[in-house]
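> Please read through the structure below; I'll follow up with questions.
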Amino acid sequence: MRGWTLATLALAGTAMATSLMPGLVGGAMAQAPVPSAAAPQARPWMDARLSPDRRADLLLAAMTLDEKVALLHGPMAMPFGPFKLPEGAVGSAGFIPGNARLGIPALNESDASLGVTNPMLVRGVEDVATPLPSSLMLASTFNPQIAFAGGAMVGAEARAKGLNVQLAGGANLLRDPRGGRNFEYVGEDPLLAGIMAGEAIRGIQSTGMVSTVKHFSLNDQEHKRMTVDAVIGEAAHRESDLLAFQIAIERGDPGSVMCAYNMINGVYACEDDQLLNKTLKQDWNYQGWVMSDWGAVHSLEAFVRGLDQQSGEQLDRQVFFGQPLRDGVAAGRIPPARLDDAARRVLRAMFAHGLFDKPPVRGAIDFAGHAAVAQRQAEEGIVLLRNDGILPLAKTARRIAVIGAHAEVGVPSGMGSSQVTAPYRESALVPLRTVPIGGEGQMATWANVTFHPSPPLAAIRARMDPAVDGAAAASPLTPPAPSRVSFDPGIYPAAAAQEARAAELAIVFVYQPSSEGDDVPDMSLPFGQDALIEAVAAANPNTIVVLQTGNPVRMPWADKVKAVVQGWYSGARGGEAIARVLFGEVNPSGRLPMTWPVDESQLPRPVIPGWGEPAETIVRVDYDIEGSDVGYRWFARENRTPRYWFGHGLSYTAFTQTNLSVKGGATVVASVDVTNNGARAGKDVVQLYLTARPGGAARRLLAFEKVELAPGETRRVTLTADPRLLAAFDEKAHGWRIDAGEYEVGVGENAGEIALRKSVRLSAGRRKP
Ligand code: BGC
């Protein structure tokens, strides 16, 4: 069934289910086997006082060969094409059957980082969940507590649906601002990405779930993702993408790691001995299990090279980890100790994260409370990119023209397996492309941009026309009271310009769809929206642009507008969050988690590798061009000036950072005074960077902290660098190496403006990989 792998997995979108297979939605809701109350001596592993290791050993000793093998592979958990919902499955992305004899619960595995999905509406149309903002927006908060809270919310919803594994923790680095899945990831910097992904994972698992971290590793390009060969040297990999995963694993302790579709230096990630056995399991001493991405297994060999479990098995050429694995062990080709190791890893993680002791309990979801979690993420993740003083808006404005991007309906979301069905029925679907999904003439409009129904227009009107908004119409025939906020859909620039001309100020909403399964071809806004902005800005000098994009975009009109607000994909309460920032009810504090290039010519790869080549071509992506200098590190190294640096983001108040002091030795400890000089309370993100080391210039984020300050308040903030960010990875010595000598570090408002710098002496140091 190889043909199902590529596009179709990204299609877990609900729209496809309704348009293509209405008869198949709404699956059986059979309960997964749960541990029965057998006598404790019969199931000694159920003694929760024992360690997860001990419990896993006891259970493993009771298992037959077939029972161990059964734990190591499983199907998709949705009725998809010829496949039925597996018996006993709750219905989600994947399923590993339980074992009634031994009381092993089934694994019901659901996507993803942004909330609990309902692929193909397998659990019925009424089964909805709270959509969080994009993970890139989460990363923009620079606030680990917000990541934890979002994870805990997702975990609670998953459990209320009977699920126990969340396929979350997207931690791939943003190496290309056209990446179709960047919205599921946490930016370009290994420290920020590792901390934010790690905290989100910790939040999910705090509820009694297993979370993954994914997609291990270098799944940084979606275009031709199944045939991409990511080429990179070991040190560069260790100092970039691997460091993000390493930090995420240290902080989050995910029960499972999902390996990626792509190859790394010519070897598939899911059968890469160096990646899985040597780096993850030996160097990092990772105790959990490695599951494959859906359709990423190419051989039984993968098993000895470190993959423990084959997921979504129908998507592969063969169920390698079923009969072939059993035969391999029986014939002595696969060491029995390796089989035990794989099964033990699954069981140990299940014990460690509560899957035996705290089975999920189906129940009601607190949608209002959870929407508040999503809203808080959005409010702290909105980035004020530019402001000529027009923001915050005065509620006294005579007339505001709101234009474009379906702002009357809601806020856009990213597409693919992470897309959440929001708890409202009226989501607008904008078909983007149609995709053949196999069989005679079957086409699915799966690439639908779903707008979560939190319309910015209504939120703006509620502030401008409180009386109008609150007044119920006397009868359907009563004309609505006139609003001070007009709306134009932005389809015809001339019509939008006319609305803008009649208003005191214009707010143009624009959007960029992006999806799992492919990258966007370039950095321009689609649908003629650049021309729309130009026309509106020419008609009204007080024009504000609200970007709702998965990625940075070109902004040829940047100097013609008064303010630009990055609203990302803002989730369940995005419209409300955007309006609160526009009107100053929330002081913006989001910072860019990636560098914003002027255009593609500034990138290490101006053209996406493999673009325009035939489908099955092996696409070599040379990451050694930038090596570990991803994003701002590359711009600094190449002396290029982006439109906005990593870390950039404005506030309605003004901060200053003074009195930097630094201490050296084994690592850098820096302290700085941060003062709020403005009239409003606000949050600043203190960022500590390496700027030079004995070999020459280098730019790396060493530590960061978000601080909230009242007007006039000063606080001394102390930051300690993770020594790995000061070090180089020494391939020969197989570990991190800090050379003794003079280093220069600094603090600043973003990676390009590091105003305060100090040199500091570090002693030589080594650290295990
Ligand atoms: C995606 C994974 C996802 C899996 C299951 C794959 O296509 O890459 O992120 O967890 O499908 O839906």
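> Running Debye on the chain with equal point scatterers at the Cα sites and no solvent, what base-10 log of I(q)/I(0) appears at q = 0.09 Å⁻¹?
Here log10 of I(q) over I(0) equals -0.82.
> Classify segment 684-736: rounded, prolate or oblate, from the alpha-carbon gyration tensor (a ≥ b ≥ c, eigenvalue square roots; a/c under 1.5 rounded; otherwise prolate if a/b is larger than b/c)?
It comes out prolate by the Cα gyration axes.
> I've got another one for you. Report the rotationally averaged projected area of segment 316-409 based on its alpha-carbon convex hull, in square nanometres.
14.5 nm²
> OK, next. Whole number in Å², please: accessible area per residue of the chain, 1.4 Å probe, ligands, DNA and RNA not counted.
Here the per-residue accessible area is 33 Å².
> Further, regarding this structure: Obtain the nm distance between the two label points defined at residue 666 and residue 337 by a simple spin-label model: each point lies 7 Å from its Cα along the Cα-to-C-beta direction.
Between residue 666 and residue 337, the simple spin-label model gives 3.4 nm.
> Considering the dipole of segment 639-769 built from charges on the beta carbon (Lys and Arg +1, Asp and Glu -1) around the Cα centre, which of 644, 666, 704 is farthest to its positive end?
666
> For segment 126-142, in order, what is each residue's ³J(HN,Hα) by Karplus, 6.51 cos²θ - 1.76 cosθ + 1.60 with θ = phi - 60°, in whole Hz (x at glycine and Pro)?
3J(HN,Hα) across segment 126-142, in whole Hz: 7, 7, 10, 8, 7, x, 6, x, 4, 5, 5, 5, 4, 4, 5, 6, 6.
> Express the relative contact order of the chain as a whole percentage, based on alpha carbon pairs under 8 Å and six or more residues apart in sequence.
Working: 2013 pairs, mean separation 110.4, N = 769.
It rounds to 14 percent for the chain.
> Separation of segment 367-405 and segment 585-612 by C-alpha centroid, Å?
Their Cα centres are 22 Å away from one another.
> Taking the alpha-carbon centroid of each part, what is the distance from segment 235-271 to segment 746-765 in angstrom?
28 Å
> Kirkwood hydrodynamic radius of segment 698-763 from all distinct Cα pairs, in Å?
One over the average 1/r among Cα pairs gives 14.1 Å for segment 698-763.
> If you don't mind, another one. Between segment 640-719 and segment 139-210, what is the C-alpha centre distance in whole Å?
Rounded to whole Å, the Cα centres lie 24 Å apart.
> Of all the accessible heavy-atom surface of the chain, with the other protein chains kept in place and a 1.4 Å probe, what percent is carbon and sulfur?
Reported share for carbon and sulfur atoms: 54 percent.
> Let me see the pair-distance distribution of segment 141-283: every alpha carbon pair, 5 Å bin width, integer percents in order.
2, 12, 20, 23, 20, 13, 8, 2, 0
> What ranking do 568-577, 112-121 get when scored by the average of other Cβ atoms within 10 Å per residue, highest first? Kindly include the intermediate steps, with their values, before the conclusion.
Details: 568-577: 30.1, 112-121: 27.6.
The peptides rank, most packed first, as 568-577, 112-121.
> Taking R0 as 45 Å, what FRET efficiency do you get between residue 399 and residue 278 from their Cβ-Cβ distance, rounded to the nearest 0.05?
About 0.10, to the nearest 0.05.
> In addition: Report the paramagnetic label zone for residue 327: residues of segment 276-307 whose backbone N is under 18 Å from a point 7 Å from Cα along the Cα-to-Cβ axis.
298-304
> A further question on this structure: How big is D for segment 229-382, in µm² s⁻¹ as a whole number, if Stokes-Einstein is applied with the Kirkwood radius of its Cα pairs at 4 °C and 1.567 mPa s?
Working: Rh = 17.6 Å.
Estimated diffusion coefficient is 74 µm²/s.
The values are calculated or read from the model by the stated rules, or taken from the named source; none is laboratory data. Keep in mind the model is a prediction, meaning the values are calculated, not measured. Every residue, glycine among them, receives a Cβ derived from its backbone with ideal geometry; neighbour counts consider all protein chains shown. The protein model used for the area step is the full one, side chains on, heavy atoms only, and it has no ligands, DNA or RNA in it. Shrake-Rupley method; radii C 1.70, N 1.55, O 1.52, S 1.80 Å.
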